[in-house]
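Below is one structure; the comments refer to it alone.
Every number here is computed from the coordinates shown, using simple stated rules; none is lab data. Worth saying up front: this structure is predicted, and the values here are computed from it rather than measured. Here the Cβ positions follow ideal geometry from the backbone for every residue, glycine too, while neighbour counts run over all protein chains shown.
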Amino acid sequence: MKKTLTLILFMIYIPFVFAQIDELYSKYSEIYNVLTNDSTTLFYSKKEIPYIVKKIIKERYSVHFWLADPGKSFNSTDVITYPFFPRRQLLFGGRKKNYIFFVYRKGGRSTSTYFVFFDKKTRDLNIYNVSNKISKPDDLIQAILEKKYYPVKV
């Protein structure tokens, strides 16, 4: 009886597991193509991030999305030493036709690195947790190739 119940639960649960895996990597080829395309241009300024992206992040995650430019000071720990510094720092970003992406580091109890991918046509915005070792576009491409990115709620 116990084995039968376990088998039934497994059969019910397995489609949900595969659905989550499909959702995780459904954008894989789209992301990879944008990152590796010759027409993709990189940027290193928070001013390059469109207002609509910040607005969607604020609405969806109820967070004031305030970034420091690369190399600028930000609150990297959960101890707020400078209240006027942002808690996030842009590392780099890029754009290709209808896509915008950028990588930023978020301070807190432990520093985390995130990758944001935005489709202008559909206004589809996805945020992924990536390795803290990412510091340049090649590192991000490697993480995408190895499928080491995980959808998150910020």
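For this structure, a couple of remarks:
- Whether segment 99-154 is rounded, prolate or oblate, judged on the alpha carbon gyration tensor where a/c under 1.5 counts as rounded: oblate
- Percentage relative contact order, segment 27-151, counting C-alpha pairs under 8 Å, at least six apart: 21 percent
- Around I49: net Lys/Arg minus Asp/Glu count, Cβ-Cβ under 12 Å: +4
- Set of lysines near K46 by C-alpha distance (under 20 Å), chain-local residues within fewer than 8 positions excluded: K54, K55, K58, K72, K96, K97, K106, K120, K136
- Taking every C-alpha pair closer than 8 Å and separated by at least 6 residues, the mean separation divided by the residue count of segment 80-154 gives a relative contact order of 21 percent.
- Histogram of C-alpha separations across segment 27-151, 5 Å bin width, %: 2, 11, 22, 25, 21, 12, 5, 2, 0
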